[in-house]
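Asker: Sharing a structure below in structure tokens format, with a few things to ask.
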Amino acid sequence: MRNGIFHVAKEEGSDEVLGVACWLRPQRADQPPSWRDWFEDWRLWFNQIGMNLWYGRGGLNVKRYWIWKEAQSKAQSAVWTDPRGYYFLNIMVVVPKAQGRGIGRLMMETVTNQADAENMNCYLESSRDVPNMQIYECFGFKFAKELECDDDGTAIKLFAMVREPRAIPETN
Ligand SMILES: CC(C)(COP(=O)(O)OP(=O)(O)OC[C@H]1O[C@@H](n2cnc3c(N)ncnc32)[C@H](O)[C@@H]1OP(=O)(O)O)[C@@H](O)C(=O)NCCC(=O)NCCS
């Protein structure tokens, strides 16, 4: 996946991965995906098939993937009002032993600072309300909509949150 923004957190001098974040860049609502994005989507799709054939499916439940995509599409149509698009935090995780040390903030602010500089909104879907929503509120995200993903009675909830850009103080 080359059209995303990836950050990998490591301790200086060590190769141990402590956290990862993956963002999708804003996509204008009135513009079709670029050829590059289109090509990257298909490249990812073929790669995924290759991985499944080589390593096995790895427990991926395709039906549930599409249930999530449908709930996401409904939520985004209701919540995404800015036609310029949103920086979408697709994945952020810090390994348990390194949580609470500011790694999440470092990875988060690398992109939210850029969003502020460009006056752009950010968006995420939290898989848990407690404590994650409170953590994301520290970064300026606000709860926007609940997504329900229901697979014949087995349901989970996701919490869509939006962050508006913060004004950057002018320097004289
Ligand atoms: C959510 C997560 C990525 C945050 O990363 P982190 O490195 O632990 O976060 P930080 O140490 O940078 O803390 C960020 C802010 O959240 C606050 N915070 C951290 N843990 C908290 C908790 N359990 N409850 C409330 N606030 C919390 C911190 O005080 C900090 O705010 P501050 O800088 O204003 O003091 C990480 O905890 C995680 O990976 N959790 C499990 C996986 C997960 O749920 N991923 C997200 C899926 S939606």
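Asker: Within 10 Å of each candidate Cβ there may be at most 15 other Cβ atoms; applying that plus a DSSP loop requirement, which trypsin sites (Lys or Arg not before Pro) in the stretch 104-148 survive?
Answerer: Qualifying residues, ordered by number: Arg128.
Asker: Note down the relative contact order for the stretch 55-158 as a percent, whole number, built from C-alpha pairs under 8 angstrom at least six residues apart.
Answerer: The normalised contact order for the stretch 55-158 reaches 32 percent.
Asker: Checking the table Lys10/Lys142; Lys63/Lys157; Lys69/Lys157; Lys69/Lys142 against a 19 Å threshold on Cα-Cα, which pairs fail?
Answerer: Result: Lys10/Lys142; Lys69/Lys142 exceed 19 Å.
Asker: If you take the alpha carbon radius of gyration of the chain and divide it by 2.2 N^0.38 Å, what ratio comes out, to two decimals?
Answerer: 1.12
Asker: Taking Lys97 as the anchor, which aspartates and glutamates have their alpha carbon closer than 19 Å to its alpha carbon, excluding any fewer than eight residues away along the same chain?
Answerer: Qualifying aspartates and glutamates at Cα under 19 Å: Glu11, Glu12, Asp15, Glu16.
Asker: Where in the stretch 22-89 are there trypsin sites (Lys or Arg not before Pro) that are in a DSSP coil and have at most 12 other Cβ atoms within 10 angstrom of their Cβ?
Answerer: Arg28, Arg57
Asker: Per q in 0.18 Å⁻¹, report the Debye log10 I(q)/I(0) for the stretch 104-156, using one uniform scatterer on each alpha carbon and no solvent.
Answerer: With no solvent term, the Cα-only Debye profile gives -0.68.
Asker: Still on this structure: Apply the Karplus curve 6.51 cos²θ - 1.76 cosθ + 1.60, θ = phi - 60°, to the phi angles in the stretch 103-109 and return the couplings in whole Hz, x for Gly and Pro.
Answerer: 5, x, 4, 4, 5, 5, 6
Asker: Hey, another quick one. Quickly estimate the mean residue ellipticity at 222 nm for the chain, helices only: each DSSP H run with n ≥ 4 gives -39500 (n - 2.57), and the total goes over all residues, rounded to 500.
Answerer: So the calculated ellipticity at 222 nm is -12000 deg cm²/dmol.
Asker: When a/c reaches 1.5 or more, the comparison of a/b and b/c decides; with that in mind, is the stretch 1-90 rounded, prolate or oblate per its Cα gyration tensor?
Answerer: Oblate is the answer for the stretch 1-90, as a/c is 1.5 or above yet b/c matches or exceeds a/b.
Asker: May I pose another question? For Val95, list long-range residues whose amide hydrogen, built 1.01 Å from N in the peptide plane, is under 5 Å from its own amide hydrogen.
Answerer: Gly19
Asker: Net charge within 14 Å of Val95 by Cβ-Cβ distance, Lys/Arg positive one each and Asp/Glu negative one each, not counting Val95 itself?
Answerer: 0
Asker: Gap in Å between the Cα centre of the stretch 146-172 and the Cα centre of the stretch 1-80?
Answerer: 17 Å
Read the figures in this text as sums done on the coordinates, not as results from a lab. What you see is a predicted model, and the numbers here were worked out from it, not measured in a lab. Note: ideal-geometry Cβ built from the backbone for every residue, glycine included; neighbour counts use all protein chains shown.
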